[in-house]
Structures are given as structure tokens and as C-alpha cells.
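Below is one structure, written out as C-alpha cells; the observations come after it.
The values are calculated or read from the model by the stated rules, or taken from the named source; none is laboratory data. Quick caveat, the model's predicted, so the values are computed rather than measured. Reconstructed Cβ throughout: ideal geometry from the backbone, glycine too, with neighbour counts over all protein chains shown. Please note that ligands, DNA and RNA were not included when accessible areas were found on the heavy atoms of the full protein model with its side chains. Shrake-Rupley method; radii C 1.70, N 1.55, O 1.52, S 1.80 Å.
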Amino acid sequence: MDRALNYLALGRKAGLIELGEEPVGAAARAQKARLVLVAQDAGDHTWRRAKSFVAGTNQLCLKVPYTKDELGMAIGRTSLAMAAVTDASLALALAKALPEQEKYGETIAVLTEKVQRQKQRKKEAAAHKKNVRVGKKK
């Protein structure tokens, strides 16, 4: 199986991916979708709907080079037209694993920036927590 599809399967098992149109829409409305994936053979309506979910937000939408059947098989379903990755690091890894990477360069750059900001915030939060603990001991 393809590396990107493996990431999709791992994300499903870890609970970091929403599957299907309604859950993807809910994740996007809650600003939790980092990357919305749409199968290459999904209908025009599905593609427009996915793009409308992320319109006006900093969430990304990609048409991936896999069929609905291939995406479905990766996650243990018969078919899957749309999925949303809710973890930035997983979204970046999945985007980097897609074939024909030159098509997705802009998306990879945006996700890389998001992951770096996320790591910086975690580092700052850990430093703050450490400073707060040190302050309480005195």
C-alpha cells in the first residue's frame, strides 16, 4: 500500500481523521480540519462542497490522486470520497507522502509553517509551565 494511504489508515486508528461528508463538514466548521482530502473520482458537487467547507478559513483542501475505492480500502470501508485530517503533523506527513509532490508544494509549505508554529507554542507553554512551578516554590 502507498505511504500516504498508510498515514490515512494510521490517522483513522488514532482518531485524527474525520471520514465522510457530514463529519468533515462538522470538523471544518469547528476549525479543526487541517487538511480536507477529496478522491480524484469524486463528483463535482463533492469537490465544490469540500471547498465550501474550508472557504474563508486557513484550512486546506486537496484533490488526491486516489479513487474513492482506494481511499475506502485504506481505512476499511468500501468507498470514501472525502476525509479531514485534524492533526497538523499528520496532515504534513500525508501531504509529503503523496505522489507527484510538485503539485502539492504550496500545501506542504503552508502545513510546514503550521507545524513549526505549533511546536513553538508547545515549547513556549512548557517554558511557561516550568516558570510558573519555579515561581510557586519560592
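With an 8 Å cut-off on Cα pairs and a minimum separation of 6 or more residues, tell me the relative contact order of the chain in percent. Walk me through the numbers before you get to the answer.
Working: 188 pairs, mean separation 39.4, N = 138.
Reported as a whole number, the value is 29 percent.
Students often get this wrong, so check it: of 68/96; 32/130; 68/103; 13/103; 32/63, which have C-alpha atoms separated by over 25 Å? Before the final figure, lay out the partial values.
Working: 68/96 20 Å; 32/130 28 Å; 68/103 20 Å; 13/103 28 Å; 32/63 19 Å.
The answer is 32/130; 13/103.
Accessible area per residue for the chain in Å², computed with a 1.4 Å probe and the full protein assembly in place, what is it? Let's see the in-between values first.
On the way: 8160 Å² over 138 residues.
That works out to 59 Å² per residue.
Which stretch or stretches of the stretch 76-98 have amide N atoms under 19 Å from the point lying 7 Å from residue 116's Cα along the Cα→Cβ direction?
Flagged as within label range: 88-97.
Place a point 7 Å from the Cα of residue 26 along the Cα-to-Cβ direction; which residues of the stretch 69-86 have their backbone N under 18 Å from it?
81-86
At 222 nm, what helix-only mean residue ellipticity would the chain give, in deg cm²/dmol to the nearest 500, using -39500 (n - 2.57) for each DSSP H run of four or more? Can you show the working numbers first?
Values: 6 runs with 83 residues, N = 138.
Theoretical 222 nm ellipticity from helices: -19500 deg cm²/dmol.
Can you work out the Karplus-derived ³J(HN,Hα) for every residue in the stretch 20-33? Use 6.51 cos²θ - 1.76 cosθ + 1.60 with θ = phi - 60°, whole Hz, and x for glycine or proline.
Calculated HN-Hα couplings, in order: x, 5, 5, x, 5, x, 5, 5, 5, 5, 7, 6, 9, 7 Hz.
Can you compute log10 of I(q)/I(0) for the chain with the Debye formula, treating each Cα as one identical point scatterer, at q = 0.10, 0.11, 0.13, 0.17 Å⁻¹?
-0.36, -0.42, -0.55, -0.86
Can you send over the carbon and sulfur percentage of the accessible area for the chain, probe radius 1.4 Å, protein chains only?
Working: 4120 of 8160 Å².
Ligands and nucleic acids excluded, carbon and sulfur give 50 percent.
Just the number, please: percent antiparallel of the DSSP beta bridges in the chain, rounded to the nearest 5. Please report the intermediate quantities before stating the final value.
On the way: 7 of 12 bridges.
Bridges in the chain are about 60 percent antiparallel.
Tell me, how many Å apart are the Cα centres for the stretch 7-57 and for the stretch 76-138?
16 Å
Across the Cα atoms of the stretch 17-91, what radius of gyration and what greatest pairwise Cα-Cα distance (Dmax) are found, in Å?
Computed over the Cα atoms of the stretch 17-91, radius of gyration and Dmax are 11.1, 32 Å.
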